[in-house]
Every structure is written in structure tokens, then in C-alpha cells.
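See structure below.
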Amino acid sequence: MKRSAQILPSRVRPLLLALSLGLAAPLAMAGQAGAAKPAAASQARADIVDTAVAAGQFKTLAAALQAAGLVDTLKSAGPFTVFAPTDAAFAALPAGTVENLLKPENKDQLVAVLTYHVVSGRYPAARVAGMTEAATVNGAKLDIQASGNAVSVGDARVVTADVNASNGVIHVIDKVLIPGT
């Protein structure tokens, strides 16, 4: 496979990589209503940041991670569990919230919000569903509720679970989690 991939046109390689990692289908379902859907099991080769960027629906999250200076941290060995809000989740925040958080003078607040979405360690959906809370990287506890196939963290629903990355796992959520709310 590696040998044949080397002779493919460069524009085909990213598509093959996404398909081989099982990213295209699981992350495409993130905006759909319904119970949390487990992503297809795959041998993850990309880290959390690259996996999210490749999905295409985490542009706001990627920009926020860059503004907060957290990209290198989430590209490190980890492992991490990230409850990742989609672009639609960020768009649902009150008008001006994202723009305000991205201002350099609000970096500490942005870091607090983003690290509230991260748990140190690899927690697949089956393990998360058995928990009632998790300690986030920002130090606050995140409430977890499971009922049937549905899992909620804070006031967000997990819409796609177990998107594997080389340094952890991503669970896609439908809202941005704000500490203290």
C-alpha cells in the first residue's frame, strides 16, 4: 500500500489518508441528531489536532487552540480525551463571544474554556459512559451523564464518540462547554 500511495497524485493522498484512518464517515455524522455514534475503529496515525483539522468542521476550535497557544500541547504524547465542539457549536454561542475570546487580552479566559474540554488520559466512550464526572485539564470537574446510548458532558451531548488519534481520543459534542455554568 505504501508503495502504490507514493505514485498517486498528491491531491489523492490526503483523501486516502482520511479514508484509511476512518475519519471521513465518523466525523461527517457529528452534526446529526440522535444518540452518540461510535466512530469506526481504526489505527490512528494523526494526533488530536491534525485529526480535528482534517475533519473540516473544527475550524473555530483549531483557531482557538492556536490563539490560546495550546496546539503544541495537544500534539504532544498525551494521552488526552477531548470533548470537541464543532463549528456549529461555536456559532450557537451568543453573538461576539468567539471574537471576544480570541482577543489577545482574553487569552487566559480562552485557555480556561478550551482546557475545560480536555481530560488527561485516554477515555473511550465505554469508559466515559460509566463515569459521573471527570477532572478537566483546567482543574474543574465536568459532569457526565449516561442514559441508554446517549452520553452528555456538562450540558453538551456527545454526537460522535471514539474518534481515535495517535495521542488520545476525540468525542464530538454539540455545545461549547463554559466553566462555571
query = If a residue has to be within 13 Å of the chain's Cα centre (by Cα) and surrounded by fewer than 16 Cβ atoms within 10 Å (Cβ to Cβ) to count, how many in region 114-123 make the cut?
reply = 1
ask   = Just checking, which of Val163, Val158, Val128 is β-branched (Val, Ile, Thr) and touching a helix residue (DSSP H, G or I) at 6+ places or on another chain (Cβ under 6 Å)?
value = Val163
note = For region 131-149 the number of residues that are assigned to a strand (DSSP E or B) and either in contact with a helix residue (DSSP H, G or I) (Cβ under 9 Å, 6 or more places away or on another chain) or over 17 Å from Pro85 (Cβ atoms) (or both) is 9
request  = Pick out, from region 1-113, the helices (runs of 4 or more DSSP H) lying fully within it that include 3 or more residues that are crowded, with 16+ Cβ neighbours inside 10 Å and modelled with pLDDT of 55 or more.
outcome  = 48-55, 59-68, 71-75, 87-91
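The values are calculated or read from the model by the stated rules, or taken from the named source; none is laboratory data. Bear in mind that the values here come from a model prediction, so they are computed numbers and not experimental data. Using ideal geometry, Cβ is built from the backbone for each residue, glycine included, and neighbour counts are taken over all protein chains shown.
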